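Report on one structure; see the data block that follows.
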Amino acid sequence: MNSAIIYPSYYRIVRCENGRWFIKGAKLCSPNHVPIGIQDAEKYEITSDELLISLFRINGGRAGYYLANLRDRKYYYCGLDLEDVRRQLLSFGIGRDETQ
């Protein structure tokens, strides 16, 4: 299954690899104060530092994919591949199972 993952705009898919954090479809997010994006900071009033600290607390910065709900400030560790992210979103009622 290699199709696009569609999700609400207030979610961010974040990948941690070798201690570096990447936001899917955005610039590198790192402890060096690289912003999430101007519209995100204004709209959700969260800084990249706050996001990284919250994600790190979930799983100690373990490699893999994380899901950040910026609107509600809820964060989840999903697993090692994007299918794990898709399953997590499905558990929230977001998206649909394409195997039907």
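Structural remarks
- Residues that are under 12 Å from the mean Cα position of the chain (by Cα), open to solvent by less than 50 Å² (accessible area, probe 1.4 Å) and modelled with pLDDT under 85, drawn from region 18-47: 23, 29, 36
- The number of residues in region 48-100 being of a type in the set (Gly, Ala, Ser), surrounded by 14 or more Cβ atoms within 10 Å (Cβ to Cβ) and assigned to a helix (DSSP H, G or I) comes to 2.
- Every residue from region 7-17 that is open to solvent by 10 Å² or more (accessible area, probe 1.4 Å) and either modelled with pLDDT of 90 or more or among the aromatic types (Phe, Trp, Tyr) (or both): 7, 10, 11, 15, 17
- Residues located in region 71-95, provided they are over 17 Å from residue 10 (Cβ atoms), touching a Lys or Arg at 6+ places or on another chain (Cβ under 9 Å), free of Cβ contacts under 8 Å to residues at least 40 places away in the same chain and not small (Gly, Ala, Ser): 77, 90
- Which numbered condition residue 55 fails, given (1) within 19 Å of residue 10 (Cβ to Cβ); (2) at pLDDT 95 or above: (2)
The values are calculated or read from the model by the stated rules, or taken from the named source; none is laboratory data. All of these numbers come straight from a predicted model, not from anything done at the bench. Every residue, glycine as well, gets a Cβ built from its backbone with ideal geometry; the counts of neighbours run over all protein chains shown. Each accessible area value is taken on the protein alone, full model and side chains, heavy atoms only, with ligands, DNA and RNA left out. Shrake-Rupley method; radii C 1.70, N 1.55, O 1.52, S 1.80 Å.
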